[in-house]
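We did not get these values from a lab; they are worked out from the coordinates using the rules stated. Just so you know, these numbers come straight off a predicted model, no measurement behind them. Reconstructed Cβ throughout: ideal geometry from the backbone, glycine too, with neighbour counts over all protein chains shown.
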Amino acid sequence: MSWKIRIWSALLIGLTIQLVCGCIITAGAETHISKRIATLGESYIDIDVDAPVEPPTTVPRIKVERVRFKRKEIKEVLDKYRPAPQKGESWQFEISSSLNPDFGLIWCEEDGLYGPFWCYENALHIPLDETDESLRVADMTARAFLNELGLPYEYPFYVVASMGKEGRDAELIRIAARLTLDGIPCNTTIGWTRYSNGGGNGDATPGAFLTMTRDGKLGTAIIRNPVKIIECLDDTTPIRDWESILEADKERIMDRFCTGENAGSTFTLKQVQFVMMVDARQNAYPAWTYIFDRYMPANNNRDSYTYHYQITYDAWTGEPVW
């Protein structure tokens with residue numbers, strides 16, 4: 001092959017690679033968004049997220065009521081999936097208790113031997129690792145348990161993840177199951193609306209939070225505000241776009257979270273999802289929930305650190321509810 005042919009071959013190969021790479025980048029740009037939308041000194045808000053699945057154009061007006069579990073039936077279900085009782089254990093078992101009115105079921109070992117009491121999840125989506133047999137067994141047990149409760153839930157689960165060693169020095173697994181309304185998953189945290197109670201405890205959004213042992217036994221079961229739909233009316237109120245909601249609120253976020261002792265903190269959006277919430281009057285409404293990596297710089301009182309921070313907005317009004 002002459003040197004001219006070699007040069008032309010190399011140029012053609014290079015052009016082909018450029019075109020292929022250009023297509024990949026263009027294709028990727030349709031699903032991933034990366035940009036800075038606000039700055040204040042050294043603080044900023046970045047978007048670095050895969051675009052969420054398009055929501056429905058409208059969502060019906062939904063009225064719900066609490067599902068009331070029957071104590072005897074639930075105890076029989078729990079006995080099928082729980083670890084064998086051990087000497088010295090003391091179990092908390094509440095069904096719609098007046099002391100904890102936000103919960104339809106609280107079942108846990110009081111000393112935290114099978115993990116802590118937990119009733120929210122503000123982490124990023126953690127899907128099941130199909131290669132981990134213990135996670136797969138825990139996942140199957142959780143499905144069987146929730147099926148017996150008769151609650152509609154999203155599957156695959158929002159979170160299936162190892163917790164490491166807890167109370168009784170056993171490896172535990174946490175599972176966050178998003179209950180659904182009209183087929184749409186509910187948020188994993190509570191919210192605050194104008195109907196919230198004076199104590200500031202917020203509005204309990206439906207959810208199921210479980211811990212499992214690595215041999216597939218149910219260690220903790222917290223069912224927050226289990227509900228069923230009693231009325232569903234068509235509504236033409238449009239769903240607001242998630243980007244425009246965040247754009248409208250960015251200055252408030254910067255002023256509230258990135259000034260004073262928090263100056264220099266940053267927000268990087270890593271996940272945005274369309275969910276349902278329930279207010280204190282048991283009205284369901286659509287929402288956009290955003291999970292950020294929030295960086296906190298070091299100061300005189302602390303070292304620097306990063307954690308997940310979640311903000312949720314009413315998708316009809318654009319008002320923050322978390």
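Data for the structure
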read-out: Residue of Ala176, Ala208, Ala144 that the Gaussian network model of the chain assigns the largest fluctuation, springs spanning Cα pairs under 10 Å; value: Ala144
read-out: Taking Thr39, Thr236 and counting other C-beta atoms within 10 Å, the order from fewest to most; value: Thr236, Thr39
read-out: Virtual spin-label span in nm between Leu233 and Thr317, 7 Å along Cα→Cβ; value: 1.7
read-out: For segment 65-231, the Rg and Dmax computed from alpha carbons only, in angstrom; value: 15.4, 47
read-out: Extension gain (nm, one decimal) between Asn262 and Arg66, 0.36 nm per residue minus Cα-Cα; value: 66.5 nm
read-out: Segment 33-121 - percent relative contact order, Cα under 8 Å, separation 6 or more; value: 17
read-out: Estimated translational D of segment 19-140 in µm²/s (Stokes, Kirkwood radius over Cα pairs; 20 °C; 1.002 mPa s); value: 104
read-out: For segment 65-231: lysine pairs under 24 Å (alpha-carbon distance), excluding those fewer than 8 apart on one chain; value: 15
read-out: Relative contact order for the chain, counting Cα pairs under 8 Å that sit 6 or more residues apart, in percent; value: 21
read-out: Residue with peak Gaussian network fluctuation, the chain [Cα springs, cutoff 10 Å], from Asp235, Asp279, Asp102; value: Asp235
read-out: Calculated over the chain: convex hull of Cα atoms, volume per residue (Å³); value: 218
read-out: Between 0 and 90°, nearest 10: helix 71-81 axis offset from the chain longest Cα axis; value: 60
read-out: Whole-angstrom gap from segment 229-255 to segment 70-132, using each part's C-alpha centre; value: 33
read-out: Among Gly264, Gly150, Gly216: highest mean-square fluctuation, GNM of the chain, C-alpha pairs under 10 Å; value: Gly150
read-out: With Cα atoms, 0 to 90° folded angle of helix 133-149 axis to the chain main axis; value: 50
read-out: Tyr120, Tyr285, Tyr313 arranged by Cβ crowding within 10 Å, fewest neighbours leading; value: Tyr120, Tyr285, Tyr313
read-out: For Ser134, Ser34, Ser265, order by how many other beta-carbon atoms lie within 10 Å, fewest first; value: Ser34, Ser134, Ser265
read-out: Residues of type aspartates and glutamates that Lys250 reaches as a straight line, Cα spacing below 17 Å, ignoring anything fewer than 8 places off in the same chain; value: Glu42, Asp46, Asp48, Asp241, Asp293, Asp314, Glu319
